[in-house]
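Single-structure report; data block below.
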Amino acid sequence: MHILLDITRTLARRYNSTPTGIDRVEHALARWLVYEGSALYPDAHFVITAPYLRAALTREDFRPILTEIEGRWAAANHINGPTKLYEELRRSLESPIGAPSASRGSLRLSGESAKRTTSRAYTEIARLCLLHARKFHRILRDAEQAHTLYLHSSHTQLEKPQLFKWTKKANIHTSFFVHDIIPIDFPEFCGNRSEFLHKLRMKTVSEYGSSIVANSKYTKDRLSSYFEEEGLAAKRIEVSYLGNVIQEYKEENLKSPSAAVPYFICLSTIEGRKNIQHILNVWRQIIQRNDLRSIPRLIIVGRRGWKSENVIDVLDRTRELAPFLIEVSDLSDVELAALMTGSAGLLSPSLVEGYSLPPIEGAARHIPVVASDIPVHREILGGAAIFLDPTDGPGWRNVIMRLATDDTFRRDAVAATYNLRRTSWADFASDTLSKVVGTAKQNQ
């Protein structure tokens with residue numbers, strides 16, 4: 001069977017130094033097809049879907065691009081001693097907490113702003129389309145005789161259904177990987193046009209998809225219900241869980257902070273559904289009920305996003321929380337790993353997720369994980385975390401303080417992380433390809 005993997009998102013973000021979760025999904029599939037899966041699927045191509053041009057790259061065409069991208073990610077994590085950002089963060093954590101003063105706002109740390117790379121990436125996409133357009137048209141012609149599968153693993157451009165008409169014309173089995181339908185279920189947590197755009201994406205998935213892969217049973221069930229509610233064509237939906245084996249970068253010069261007081265990490269983009277406002281309120285309770293010397297720090301790791309004005313107001317203006325609160329962004333993977341290793345635990349209080357990589361990353365590194373008791377956290381974490389209702393202030397307060405002060409409780413929480421079933425990204429890619437190919441063969 002001919003395999004076509006869409007790599008448009010990978011190329012659009014080609015010059016970024018660090019990947020997002022969705023980037024990692026597309027990268028894992030591409031890498032597996034280039035290397036581990038080359039014998040099983042010798043006729044694999046990598047498709048670019050641009051508004052006016054399309055192209056197909058062979059393994060030989062794409063391999064040097066993949067190597068370049070991986071090299072850029074690795075370079076971001078190759079640290080010859082601490083960066084200025086990490087050194088400042090570590091100094092802050094190793095300093096004692098002072099009494100609340102008239103100063104306002106959390107300590108906010110960030111690296112140098114990334115240079116704009118979008119135009120450069122799009123220019124390169126246009127060049128590749130011009131170079132490899134003929135291969136794409138040859139594949140379409142061959143698809144009339146050879147069974148062909150097209151896999152799209154991100155939501156990129158799905159709001160433009162006209163870009164995928166070629167799959168039907170060429171009678172190509174098409175499979176889409178769906179990460180969530182949160183903008184539809186919870187529009188209050190997303191950008192103003194997110195619901196409208198995501199409905200278009202799911203309509204494209206229904207109209208052009210022969211099959212679907214979801215990242216969790218929760219996403220599968222919500223997607224099935226949505227299709228039924230909207231009268232969209234029912235599809236076979238498989239589940240393939242993301243990789244949770246985190247790449248470790250061994251850097252002797254980068255040590256975890258020797259913190260003056262325990263600290264907890266909340267790792268996420270700062271947006272409404274992440275429920276960071278709740279954690280800030282929990283810290284108010286901790287401050288009000290405990291002696292200054294026993295109060296842990298809270299480190300919020302992530303960029304500021306949407307629907308989070310209340311949280312940002314607190315971060316910028318609070319006096320009460322300021323001595324105990326640090327906001328940091330632009331950490332590399334190796335810096336984040338060192339920060340997590342030295343922490344008292346990772347907090348994931350989200351109200352809704354389609355999947356959730358941060359608690360998986362925490363459990364994979366064997367630090368205590370406290371997660372909101374929502375269906376997908378139960379599904380993917382199993383017995384590897386402490387679960388609490390996302391609105392239970394006293395419950396979160398008590399667990400956080402026990403992790404900070406009770407060594408036996410903390411050891412039990414660490415032991416629980418070993419319940420996490422290990423899945424490599426290569427295993428994820430192999431499983432996903434196996435499922436979509438199996439469905440395609442049944443439909444031949």
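Below are the figures for this structure:
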{"quantity": "All-pairs alpha carbon distance profile, the chain, 10 Å steps from 0, percent", "calculated": "4, 20, 29, 25, 15, 6, 1, 0"}
{"quantity": "Ranked list, fewest to most other Cβ atoms within 10 Å of each Cβ, for ARG222, ARG317", "calculated": "ARG317, ARG222"}
{"quantity": "Shape call, segment 166-321: gyration tensor on alpha carbons, a/c limit 1.5", "calculated": "prolate"}
{"quantity": "Charged-residue dipole, Cβ positions (Lys, Arg, Asp, Glu), segment 314-434 about Cα centre, Debye nearest 20", "calculated": "320"}
{"quantity": "Folded to 0 to 90 degrees: helix 21-34 orientation relative to the chain principal axis, Cα", "calculated": "40"}
{"quantity": "Mean separation of Cα contacts under 8 Å (6+ apart) over length of segment 290-371, as relative contact order %", "calculated": "26"}
{"quantity": "Sorted by Cβ neighbour density within 10 Å, fewest at the top, the residues MET401, MET340, MET1", "calculated": "MET1, MET401, MET340"}
{"quantity": "Burial ordering of THR148, THR18, fewest other beta-carbon atoms within 10 Å first", "calculated": "THR18, THR148"}
{"quantity": "Relative contact order of the chain, defined on C-alpha pairs under 8 angstrom at six or more residues apart (%)", "calculated": "19"}
{"quantity": "Those lysines that a straight Cα-Cα span of less than 22 Å connects to LYS160, excepting residues fewer than 8 apart in one chain", "calculated": "LYS168, LYS169, LYS199, LYS203, LYS235"}
{"quantity": "Rounded if a/c under 1.5, otherwise prolate or oblate - segment 280-414, Cα gyration tensor axes", "calculated": "rounded"}
{"quantity": "Gained length - ARG193 relative to PHE409, 0.36 nm times residue gap less alpha-carbon distance", "calculated": "73.3 nm"}
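Bear in mind that the values in this text are calculations on the coordinates, not laboratory data. Here the structure is a predicted model, which means the values were calculated and not measured. Glycine also receives a Cβ, built like all others from the backbone with ideal geometry; neighbour counts cover every protein chain displayed.
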